[in-house]
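The values are calculated or read from the model by the stated rules, or taken from the named source; none is laboratory data. In this text the structure is predicted, and so the values were computed from the model without any measurement. Cβ: placed from backbone, ideal geometry, glycine included. Neighbour counts: every protein chain shown.
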Amino acid sequence: MASDLQLARLHRDILGCTRCVDAGFLPLAAPVLSGYPDNQIMLIGQAPGAVEADRRLPFQGRSGKVLMQWLARAGFASEMEARRRIYMTSVTKCFPGKGAAGGDRRPSRAEVGLCRPHLDRQLALIKPLLLILVGGLAHERFLPGRPLAELVGRVFDLSGRAVGSRTRTRPLLLPLPHPSGASRWLNDPGNRALLDRALRRLRPMVTALLDQKLVGA
Ligand code: SF4
């Protein structure tokens, strides 16, 4: 397990990062993340939105409310418990601004590349046993080139192989769609059924980790 000091150093480095400002991609850097050294679950989103950038905390806006409802269905007793037990971060850690269509801009490949060392260091330090991947950029990082319908409802190992619920492989990767209302994917009843399946598969993993049964597995 990471020490408080190690994590504080890492967070100090990330929170002080201005790479995308220096490279001309962002007018302002305001990295967002939260987590504790003993977290065994890491949730990786795409990038913070405007509300998250303002509060400097992950998943605060409408998407955050939907995500917390999903996490409650996956076994977390409260939002407080979810935020205490899940290390929350994203592929890029600063609000990218609005895109041409009015929604949040998808960070460019170059921005993802600039931010990648931060995520690599977070993964190396926290060593999560379960990775919850929320949205396209997180899927692309770990399970590239697959449509959402082939990801949601399945569990994968780090090599990208789909695994059953009895596997002892760690970490496990569980993809979820983005909870943003901008995504129409969940309008399809078949896709909502895939989300239900994903949350049903997530629940026993969460329960086991909250009970500390998987520590050292
Ligand atoms: S998005 Fe990542 S690399 Fe870019 S400024 Fe923010 S923390 Fe740094």
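Numerical summary
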quantity	calculated
Scope segment 1-55; condition closer than 21 Å to L130 by Cβ, hydrophobic (A, V, I, L, M, F, W, C) and surrounded by fewer than 19 Cβ atoms within 10 Å (Cβ to Cβ); matching residues	M1
Residue ID - farthest from the ligand (Cβ to nearest atom), chosen from residues in segment 85-120 that are in a strand (DSSP E or B) and closer than 21 Å to G35 by Cα	I86
Output for segment 141-153, where each listed residue is touching a residue at least 24 places away in the same chain (Cβ under 8 Å) and not aromatic (F, W, Y)	R141, L143, L148, A149, L151, V152, G153
Flag if M68 is touching a residue at least 12 places away in the same chain (Cβ under 8 Å), more than 16 Å from the ligand (Cβ to nearest atom) and more than 20 Å from H139 (Cβ to Cβ)	yes
So P58, is it crowded, with 16+ Cβ neighbours inside 10 Å, within 10 Å of the ligand (Cβ to nearest atom) and either modelled with pLDDT under 95 or not hydrophobic (A, V, I, L, M, F, W, C) (or both)	no
Boolean, G35 is within 16 Å of the ligand (Cβ to nearest atom) and touching a Ser or Thr at 6+ places or on another chain (Cβ under 9 Å)	yes
Every residue from segment 114-133 that is out of contact with any Phe, Trp or Tyr (no Cβ under 9 Å at 6 or more places or on another chain) and surrounded by 13 or more Cβ atoms within 10 Å (Cβ to Cβ)	C115, R116, P117, H118, L119, R121, L123, L125, K127, L129, L130, I132
Check on A82, among the small types (G, A, S), surrounded by 19 or more Cβ atoms within 10 Å (Cβ to Cβ) and assigned to a helix (DSSP H, G or I)	yes
Selection within segment 96-116 - out of contact with any Asp or Glu (no Cβ under 7 Å at 6 or more places or on another chain) and modelled with pLDDT of 95 or more	P107, S108, R109, A110, E111, V112, G113, L114, C115, R116
Those residues of segment 23-44 which are touching a helix residue (DSSP H, G or I) at 6+ places or on another chain (Cβ under 9 Å) and closer than 16 Å to L114 by Cα, in sequence order	A23, F25, L26, P27, L28, A29, A30, P31, V32
Residues being among the aliphatic types (A, V, I, L, M), modelled with pLDDT under 95 and crowded, with 16+ Cβ neighbours inside 10 Å - total across segment 172-188	1
